Amino acid sequence: MTQENTTITKKKLEDIALQLFAQVGYDKASVNTIVAKAKVSKGAFYYYFDSKEEILNSVLEQYGQRVREIVEEIADNKSLSGLEKFNLAFAKIQQYKAENIDRLLKMSRMMEDSDNKFQSKFIEKLLEYINGPFTRIIKQGVREGDFNTDYPEEMMGSIMYLAIYLKDSTKEFIFNPKKALMNIKTLIRKYNFILDVVNRILGAKKGAVKISTKSIKDIYKIIGKKLSNQ
């Protein structure tokens, strides 16, 4: 089996598994169903994965590694201030989400339908990958006077758990997208609230930390349209 075929088969199994996890739930999606949908042998499945959980871990690790690469590249850019790096990192992460919306949507559906079990695991795994480079960026911002905090190492954990505040709005998009698209102003208001809190806990000036509301709107409109057509 060539490297290209190996990559394609592994990704196919991951995509099919995520789709089934989202549709019927993680516990009800059997290995037999996954291989039948993917049209591969059970031997092929176990060539790549030891279990269903390993598929989930693989997907989370791929996402975490890619986001870390994005943030590390920005953290290493010597021409930018800490504040510029912080804003650019979040903008690039939003762009990455938009480019991989199908897979992320499946992950979101699964997490929303799993009593927070996978959501907690996702947050912990992502924090493990991005805390280091973001801490470097925040420390730079402190040195330059744009941020004022004694807890740069703890900051990203606090910021990520703030995102749980968006859980109800995200859930509405996933399970009732047509209604949610009508309430996008409410969602943007929640994002702006979180940005205000982030500026405060970083000790930054009001409005210094920014996330484009246009990019947020675009992502949720894409999600809404995709779900409405399913």
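At-a-glance table
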item	result
Elements of type helices (runs of 4 or more DSSP H) contained in the stretch 1-119, each with 3 or more residues being under 17 Å from the mean Cα position of the chain (by Cα) and at pLDDT 90 or above	52-75, 82-99
Of all residues in the stretch 63-99 being touching a residue at least 24 places away in the same chain (Cβ under 8 Å) and more than 26 Å from V142 (Cβ to Cβ), the one that is surrounded by the fewest Cβ atoms within 10 Å (Cβ to Cβ)	Q65
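Residues checked against (1) of a type in the set (A, V, I, L, M, F, W, C); (2) modelled with pLDDT of 90 or more; (3) assigned to a helix (DSSP H, G or I):
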site: T135; (1), (2), (3): no, yes, yes
site: D146; (1), (2), (3): no, yes, no
site: E153; (1), (2), (3): no, yes, yes
site: K179; (1), (2), (3): no, no, yes
site: L187; (1), (2), (3): yes, no, yes
site: N192; (1), (2), (3): no, no, yes
site: K205; (1), (2), (3): no, yes, no
site: S215; (1), (2), (3): no, no, yes
site: L227; (1), (2), (3): yes, no, yes
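The values are calculated or read from the model by the stated rules, or taken from the named source; none is laboratory data. Values in this document were obtained by computation on a predicted structure and should not be read as measured data. All Cβ positions, glycine included, derive from the backbone under ideal geometry; neighbour counts span all protein chains shown.
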